[in-house]
Every structure is written in structure tokens, then in C-alpha cells.
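The values are calculated or read from the model by the stated rules, or taken from the named source; none is laboratory data. Fair warning: this is a prediction, and the values are worked out from it, not measured in the lab. Note that we place each Cβ from the backbone using ideal geometry, even for glycine, and neighbour counts take in every protein chain shown.
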Amino acid sequence: MATFAIQDRSYACPVELSLSVVGGKWTALVLWHLRGGTRRYSEIRRAMPGITHKMLAQRLRELEADGLVHRKVYPVVPPHTEYTLTREGERMVPALEAMQRWGMRYKTEG
């Protein structure tokens, strides 16, 4: 398969591109917790007790930059920020659900 480039980076195959966007433990989990609808930052953080504030903020910024998450900031005190999957983010949900099914089978059969 021929290589291709997106945003000045070359990829050998589409799987490599996918993993560069959503690979890693926290990124996929953030998307997983947003699949049900809009969530506030604190809700996401509570759903992911092992993640640090710095890591969650970084992953959310990356997902926003990649066009998978939309961030809405309300101009109130204290700040109120909500995150929602974009249309492109929603397209990732079936892959995440397949991973969840695989994990459940692996856990029980493995």
C-alpha cells in the first residue's frame, strides 16, 4: 500500500493514521465517555479516576484540534466548559464499541 500524508505527516496505512489520532489509553477513553452526549469537564474527570488534570486537559485539546471533540465555554464564574463529540468523533463510536465487545469477550474467554 502506498504511503500518504496528512498535515505534513506521512502514514504507511490508514490504521497508522487512526492510531496516531486515537491511540493511547486516555484518548480512546475520553471519546468513550463522550459517546453518550455532552459532558462537563468535571464529569469526564470523575469517570476517569486515574487521569490527572493535566493529562485530561491535554487530551481534550488534542481531540479538539483533531476535530473529534467540540468545546463550548460559558462565560460565567466559575468557568463552565462542556465537551461534545463532533460528527467526526461520532464516526469513531462504532470502533470503540467493537473494542468494548472484544474486551468483554477477551475478559471472559481469555
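What to note about this one:
- Verdict on Leu56 being at pLDDT 85 or above, hydrophobic (A, V, I, L, M, F, W, C) and closer than 18 Å to Glu90 by Cβ: no
For every residue, the table says whether it meets (1) hydrophobic (A, V, I, L, M, F, W, C); (2) in contact (Cβ under 8 Å) with a residue 60 or more places away in the chain; (3) crowded, with 16+ Cβ neighbours inside 10 Å; (4) farther than 20 Å from Leu96 by Cβ.
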| residue | (1), (2), (3), (4) |
| --- | --- |
| Ala5 | yes, no, no, yes |
| Leu19 | yes, no, no, no |
| Gly24 | no, no, no, no |
| Thr38 | no, no, no, no |
| Gly50 | no, no, no, no |
| His53 | no, no, no, yes |
| Leu68 | yes, no, yes, no |
| Lys72 | no, no, no, yes |
| Pro78 | no, no, no, yes |
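- Counting only strands (runs of 3 or more DSSP E) that fall entirely inside the stretch 1-79 and contain at least 1 residues that are touching a Gly at 6+ places or on another chain (Cβ under 8 Å) and among the hydrophobic types (A, V, I, L, M, F, W, C), the qualifying elements are 69-74.
- Note on the stretch 80-105: residues that are part of a helix (DSSP H, G or I) and either surrounded by fewer than 10 Cβ atoms within 10 Å (Cβ to Cβ) or not acidic (Asp, Glu) (or both) total 14.
- Meets criteria (among the acidic types (Asp, Glu) and touching a residue at least 12 places away in the same chain (Cβ under 8 Å)) for Glu82: yes
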